[in-house]
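Here's the structure we're looking at; comments come further down.
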Amino acid sequence: MNVAQAERFAAPCPDGGGAGACQSCREMCSRGYPGRFTPDEASRAIDAGLASRMMLLRYGKTTMLRPAIIGWEGLSMDEGNLARGQCVFLGAAGGCELHAAGPKPLECRVASCSSMRDATVRRADGAYHGAVDAIERAWRGRAGRAVVDRWLREQTS
Ligand code: SF4
């Protein structure tokens, strides 16, 4: 599976995923790791002026950008200082700011609560892991490295 194929498995929250996100979605966004952007999504987020609300995550051979955990805006996290917490894009009303405005990370769209509670749970769960693998491979490619370099330049300029 590649990133384009993973797009087919996006499963929107039945409650909307935005301001009306359900309790399950809100918990995923408030206590874990914010979802993985694809390199293209991260690039569009930088274009939209959101670079300062993102963080860098390094582990294994992968370096990628994600929405930041509150307190980690503009910072780098690696295997030595992994932390969980609330995504900066979880709005006060309990919904994802990026749901309607975009770019909502592909992992967030694939990891919707829908994949946990509807009848296609097993198929969707397999799709979720395939999507994560595809996203991580994309970050290890040339386009991914270019987006990381761009973000790092913006942090120091
Ligand atoms: S980007 Fe949106 S859906 Fe993804 S973790 Fe943040 S608030 Fe949740």
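The values are calculated or read from the model by the stated rules, or taken from the named source; none is laboratory data. Being a predicted model, the structure only gives us computed values, none of them experimental. Here Cβ is always computed from backbone atoms with ideal geometry, including for glycine, and neighbour counts include all displayed protein chains. All accessible areas refer to the heavy atoms of the entire protein, side chains included, with ligands and DNA or RNA removed. Shrake-Rupley method; radii C 1.70, N 1.55, O 1.52, S 1.80 Å.
Run the dipole for the chain about the Cα centre, Lys and Arg Cβ at +1, Asp and Glu Cβ at -1, nothing else charged, and hand back the magnitude in debye, nearest 20. Let's see the in-between values first.
Numbers: 21 positive and 17 negative charges, 56 e Å.
Dipole size: approximately 260 debye.
Rank Leu152, Leu90, Leu82, Leu106 by accessible area, highest first, at a 1.4 Å probe radius?
Ranking Leu152, Leu90, Leu82, Leu106 by accessible area, largest first, yields Leu82, Leu152, Leu90, Leu106.
Add -39500 (n - 2.57) for each DSSP H run of 4 or more in the chain, then divide by its residues: what number comes out at 222 nm, to the nearest 500 deg cm²/dmol? All intermediate terms of the calculation are to be shown ahead of the outcome.
Details: 8 runs with 70 residues, N = 157.
Theoretical 222 nm ellipticity from helices: -12500 deg cm²/dmol.
At 4 °C and a viscosity of 1.567 mPa s, what translational diffusion coefficient does Stokes-Einstein give for the chain, taking Rh as the Kirkwood radius over Cα pairs? Give it in µm²/s as a whole number. Numbers along the way, then the final one.
On the way: Rh = 15.6 Å.
Taking Rh from Cα pairs, D becomes 83 µm²/s.
Ignoring ligands, DNA and RNA, what accessible area per residue does region 3-156 give at 1.4 Å, in Å²? Show your work: numbers first, answer last.
Details: 7620 Å² over 154 residues.
In whole numbers, region 3-156 has 49 Å² accessible per residue.
Let me cross-check Glu79: its accessible surface, 1.4 Å probe, with only protein heavy atoms counted, in Å² to the nearest 10?
Rounded to the nearest 10, that gives 130 Å².
As a test question: what accessible area, to the nearest 10 Å², does Glu7 have when a 1.4 Å probe is rolled over all protein chains in place?
Near enough 70 Å² of accessible area.
Loop only by DSSP, 11 or fewer other Cβ within 10 Å of the Cβ. Give me the trypsin sites (Lys or Arg not before Pro) in region 17-107 that pass, ordered by residue number. Present the calculation step by step, with values, prior to reporting the outcome.
Details: sites: Arg26, Arg31, Arg36, Arg44, Arg53, Arg58, Lys61, Arg84; in loops: Arg36, Lys61, Arg84.
Taking region 17-107 and a limit of 11 other Cβ atoms within 10 Å, the loop trypsin sites (Lys or Arg not before Pro) found are Lys61, Arg84.
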